[in-house]
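K.L.:
Sharing a structure with you now.
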Amino acid sequence: MKNEYIELPVATADGHFVARYSEKGLAGLSFPAARASARAVKPAEIPSQIRAWHRATESALKKILAGNQPKEFPPIELTGTDFQKSVWRQLQKISAGKTKSYGEIAQAIGKPKAVRAVGGACGANPIPVLVPCHRVLAANQKIGGFSGGMHWKRSLLTREGVRVKD
DNA sequence: ATCTTAACTGTGT
DNA sequence: ACACAGTTAAGAT
C-alpha cells in the first residue's frame, strides 16, 4: 500500500502529539505517547501545503488544550463509515465549553435509538480533541468513557469550564 | 441513591 | 451469526 501519509509532531505543554496528513488534509491525531517517538523531519521535505495545514493544526490544538475555541481549523479528511462520518460531523459543531449527550447526537443524525452506536463512533474518531469527542457526556451530565484515556477527557472538559458529575 | 436488567444499533470477526 | 461498545431508561432494593 502506498502510504502518502506524513506524520508531524506537535509540541504542546501536554507533550508531543502526532498529526497525520493525507493529500486532502489532516487525517489523524494521536495523543502523546509515553515513549515520545519524536522523529525529526526535514522541513524541506514537507510540501508547503502540509506545512500550512500543520500550522493551523498546531494553533487549533493548543487553543483547545488551553480551553479556548480555535478560530480556524485545518482541512480535515474523515475516513470511516457513513454513520461514523455523520457522527463526527455533529461533533465538530460543538464549540468549546459546551457539551452534548450521546443521545442528542443520535437524535441529531436522525437515529435516536442508536445511542450506543454513537459511542462506538466516538471511540473510532481518528482525530481526537480537534473533533471534540471529549465534549460528549452520558445522560445527566455523567462522564462516560474515553478511548484515549479518561484523564484526558476530564482534564479537557475542566479546562473548558465544564463540570461533570462522577 | 445505588444496583440490575433489558432494549437498541453499528462494527469487527 | 455472534459479541462487544465511550448508552439509556426503567424497575427493584
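The values are calculated or read from the model by the stated rules, or taken from the named source; none is laboratory data. The structure displayed is predicted, hence computed values, not measured ones. All Cβ positions, even for glycine, are placed from backbone atoms using ideal geometry, and neighbour counts span all protein chains on display.
K.L.:
Which ones in segment A:145-160 are more than 15 Å from A:F31 (Cα to Cα) and surrounded by fewer than 17 Cβ atoms within 10 Å (Cβ to Cβ)?
P.N.:
A:G145, A:T158, A:R159
K.L.:
Those residues that are free of Cβ contacts under 8 Å to residues at least 40 places away in the same chain and over 20 Å from A:Q69 (Cα atoms), I need them from segment A:123-138; list them, please.
P.N.:
Correct list: A:G123, A:A138.
K.L.:
For segment A:82-107, enumerate the residues that are more than 12 Å from DNA strand C (Cβ to nearest atom) and of a type in the set (A, V, I, L, M, F, W, C).
P.N.:
A:A96
K.L.:
Considering only segment A:137-146, state which residues are away from DNA strand B (no atom under 13 Å from the Cβ) and either of a type in the set (S, T, Y) or part of a loop (DSSP other than H, G, I, E, B) (or both).
P.N.:
If the condition is that a residue be away from DNA strand B (no atom under 13 Å from the Cβ) and either of a type in the set (S, T, Y) or part of a loop (DSSP other than H, G, I, E, B) (or both), then A:I143, A:G144, A:G145, A:F146 are the ones that fit.
K.L.:
Given the structure, is A:K165 surrounded by fewer than 16 Cβ atoms within 10 Å (Cβ to Cβ), over 25 Å from A:A13 (Cβ atoms), among the basic types (K, R) and modelled with pLDDT under 95?
P.N.:
In short, yes.
K.L.:
While we're on this one: Can you tell me which residue is surrounded by the most Cβ atoms within 10 Å (Cβ to Cβ) among those in segment A:72-106 that are away from DNA strand B (no atom under 15 Å from the Cβ) and over 23 Å from A:N140 (Cα atoms)?
P.N.:
A:P74
K.L.:
Could you check segment A:107-136 and list, in sequence order, the residues that are part of a helix (DSSP H, G or I), away from DNA strand B (no atom under 12 Å from the Cβ) and within 22 Å of A:G149 (Cβ to Cβ)?
P.N.:
Result: A:C133, A:H134, A:R135.
K.L.:
Restricting segment A:59-71 to residues that are under 18 Å from A:V18 (Cβ atoms) and aliphatic (A, V, I, L, M), which is surrounded by the fewest Cβ atoms within 10 Å (Cβ to Cβ)?
P.N.:
Filtering segment A:59-71 for residues that are under 18 Å from A:V18 (Cβ atoms) and aliphatic (A, V, I, L, M), the one surrounded by the fewest Cβ atoms within 10 Å (Cβ to Cβ) comes out as A:L65.
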